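The values are calculated or read from the model by the stated rules, or taken from the named source; none is laboratory data. Quick caveat, the model's predicted, so the values are computed rather than measured. A quick note on method: Cβ atoms are made from the backbone with ideal geometry, for glycine too, and the neighbour counts reach across all protein chains shown.
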There are 2 protein chains.
Amino acid sequence: MKKRLFFRCAYDGTHYSGWQKQPNAKTIQGEIEEKLSRLFGNQSVDIVGCGRTDAGVHASQSYFHADLPTNFAPDQLRYKLNNMLPLDIAINEIVEVAEDAHARFDATRRTYYYFLHQHKLPFHQNDSWYYPRKLDVEKMNEATQFLLGRQDFTSFSKLHTDVNNNFCDISFAEWKHVGDQLRFEIRANRFLRNMVRAIVGTLLEVGNGSIAPEEVRNIIAKEDRGAAGCSVPAKGLFLQKIKYPYL
Amino acid sequence: MKKRLFFRCAYDGTHYSGWQKQPNAKTIQGEIEEKLSRLFGNQSVDIVGCGRTDAGVHASQSYFHADLPTNFAPDQLRYKLNNMLPLDIAINEIVEVAEDAHARFDATRRTYYYFLHQHKLPFHQNDSWYYPRKLDVEKMNEATQFLLGRQDFTSFSKLHTDVNNNFCDISFAEWKHVGDQLRFEIRANRFLRNMVRAIVGTLLEVGNGSIAPEEVRNIIAKEDRGAAGCSVPAKGLFLQKIKYPYL
């Protein structure tokens with residue numbers, strides 16, 4: 001008999017080619033499935049993540065589910081799995097859920113952080129982007145209002161992805177000084193591939209004076225990836241929080 | 001004409017063979033001297049650090065001094081030097097001091113932190129030690145009282161170093177939970193080579209029940225390195241603060 005389990009995890013994405021399993025590449029999903037398979041007598045194990053993070057992107061909180069035999073109590077399984085997984089992937093909690101609970105489809109809110117620093121910070125080389133150019137944070141926060149609500153975010157999406165529409169409902173977007181870093185927080189029901197990094201790149205253009213805050217509205221309206229700013233490096237990006245109705 | 005300058009700096013020691021210049025090894029001192037030399041027409045530049053950190057040890061705050069021509073204002077020099085130095089070494093301040101001010105001899109207090117974590121923390125692999133064994137922090141803090149005051153710390157020193165006595169005056173030593181980490185803070189007029197890491201290793205033996213807190217007093221009295229616990233890994237150790245009478 002198998003039971004469906006939800007796993008809360010965290011990982012440093014620096015040394016991985018992203019979440020999704022790929023042949024000939026080290027990925028978070030691949031690493032976890034391999035260890036789970038070893039724990040359960042080498043039967044193949046499939047895990048379903050709450051979403052996919054790109055190469056180099058981190059997660060402070062992420063979830064995945066799997067259907068597994070009941071050989072171990074959840075805490076025992078967590079202990080064993082953590083011991084097998086490398087130090088850059090941690091399983092923080094395992095809970096039994098209903099058999100139709102789904103880590104991807106049931107997630108109602110996703111929060112990402114993007115960290116950057118404007119003076120050299122030797123201890124944040126892998127988890128924050130060094131951006132020494134002067135920024136007008138007030139202007140950047142003026143621009144974020146144009147992101148809010150349900151809109152078509154084609155302008156901030158990678159082309160040719162497999163989703164059938166590009167509508168996202170953004171409920172929160174804000175820049176804030178946190179210690180020696182500048183942090184962008186964004187919350188939505190869903191995100192398109194590369195979307196947060198393209199939004200951050202565009203807001204930095206507002207911050208350094210290249211474009212006006214209200215230009216963000218026009219960029220969205222154009223529904224054209226060429227209209228928005230560059231995508232910022234993966235290392236500053238964190239999947240921070242996932243909300244489920246039942247967790 | 002040359003002026004004596006004090007440099008406040010920070011570095012991630014992960015990829016360095018420590019502070020002190022060595023032939024055929026990448027060191028913090030070597031890296032900084034090379035860049036300063038390049039900035040001043042390739043004349044050789046010698047810098048004097050507040051102390052030496054071992055391979056892999058970090059500094060949140062460290063100082064060094066150098067006698068340099070007055071080609072640049074301090075802020076301009078800081079800007080240029082930071083641009084040349086790698087991202088894991090930051091110069092945070094440069095101030096002109098009296099010509100006999102000395103970064104090593106004049107430092108009156110040095111503070112070190114040692115960080116460890118007892119559950120996996122993917123984002124602290126290079127700056128904290130993963131120590132999953134159970135610890136009695138209260139007992140560890142009972143033991144720290146025996147470290148205080150001016151005593152001979154031969155039991156916690158590397159043998160055959162070039163200092164002429166092993167007396168240190170420890171004014172503060174405490175374990176504290178800080179977020180998901182456990183932090184040891186220790187302050188003294190001076191430290192012997194490897195001393196903090198040997199003290200931490202010994203206090204962990206108290207914490208995991210191998211020895212009683214008051215055993216620390218006996219270990220010190222023995223003046224024998226073999227009496228103390230193992231030295232813990234470098235990556236959790238931070239030179240945190242240096243005090244000068246005039247800064």
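Checked against (1) on the phi < 0 side of the Ramachandran plot; (2) without any contact (Cβ under 8 Å) to a residue 12 or more places away in the chain, A:Ile186 passes all but a single condition, namely (2). Scanning segment B:3-26 for residues that are away from every other protein chain (no Cβ under 13 Å) and assigned to a loop (DSSP other than H, G, I, E, B) yields a count of 10. Within segment B:89-145, the residues that satisfy the criterion of being among the hydroxyl-bearing types (Ser, Thr, Tyr) and away from every other protein chain (no Cβ under 13 Å) are B:Thr108, B:Thr111, B:Tyr112, B:Tyr114, B:Thr144.
Scanning segment A:1-33 for residues that are farther than 28 Å from A:Tyr246 by Cα and at pLDDT below 95 yields A:Gln22, A:Pro23, A:Asn24. When A:Phe238, A:Phe191 are checked against the criterion of being in a strand (DSSP E or B) and under 30 Å from A:Arg104 (Cα atoms), A:Phe238 stands alone in meeting it. For segment A:29-38, the criterion of being among the hydrophobic types (A, V, I, L, M, F, W, C), surrounded by fewer than 21 Cβ atoms within 10 Å (Cβ to Cβ) and not assigned by TED's automatic domain parsing to the domain that holds A:Met195 is met by no residue. Of all residues in segment B:128-144, those being crowded, with 20+ Cβ neighbours inside 10 Å and either among the basic types (Lys, Arg) or within 19 Å of B:Ala234 (Cα to Cα) (or both) number 2. Which one is farthest from A:Lys235 (Cα to Cα), of the residues in segment A:145-188 that are of a type in the set (A, V, I, L, M, F, W, C) and assigned to a helix (DSSP H, G or I)? Looking at residues that are of a type in the set (A, V, I, L, M, F, W, C) and assigned to a helix (DSSP H, G or I), I get A:Phe146. Among the residues of segment A:62-76, not one is without any contact (Cβ under 8 Å) to a residue 40 or more places away in the chain, among the hydrophobic types (A, V, I, L, M, F, W, C) and within 25 Å of A:Gly13 (Cα to Cα). Going by the conditions given, is B:Ile199 more than 22 Å from B:Gln118 (Cβ to Cβ) and of a type in the set (Val, Ile, Thr)? Against the criterion (more than 22 Å from B:Gln118 (Cβ to Cβ) and of a type in the set (Val, Ile, Thr)), B:Ile199 does not qualify. Screening A:Gln151 on (1) buried (at least 16 other Cβ atoms within 10 Å of the Cβ); (2) under 30 Å from B:His119 (Cα atoms); (3) not hydrophobic (A, V, I, L, M, F, W, C) shows it passes everything except condition (2).
The residues of segment B:80-99 that are free of Cβ contacts under 8 Å to residues at least 24 places away in the same chain and loosely packed, with under 15 Cβ neighbours inside 10 Å, listed by number, are B:Asn83, B:Leu87. Among the residues of segment A:39-66, the ones that are surrounded by fewer than 14 Cβ atoms within 10 Å (Cβ to Cβ) and either of a type in the set (Ser, Thr, Tyr) or at negative phi (or both) come to 3 in all.
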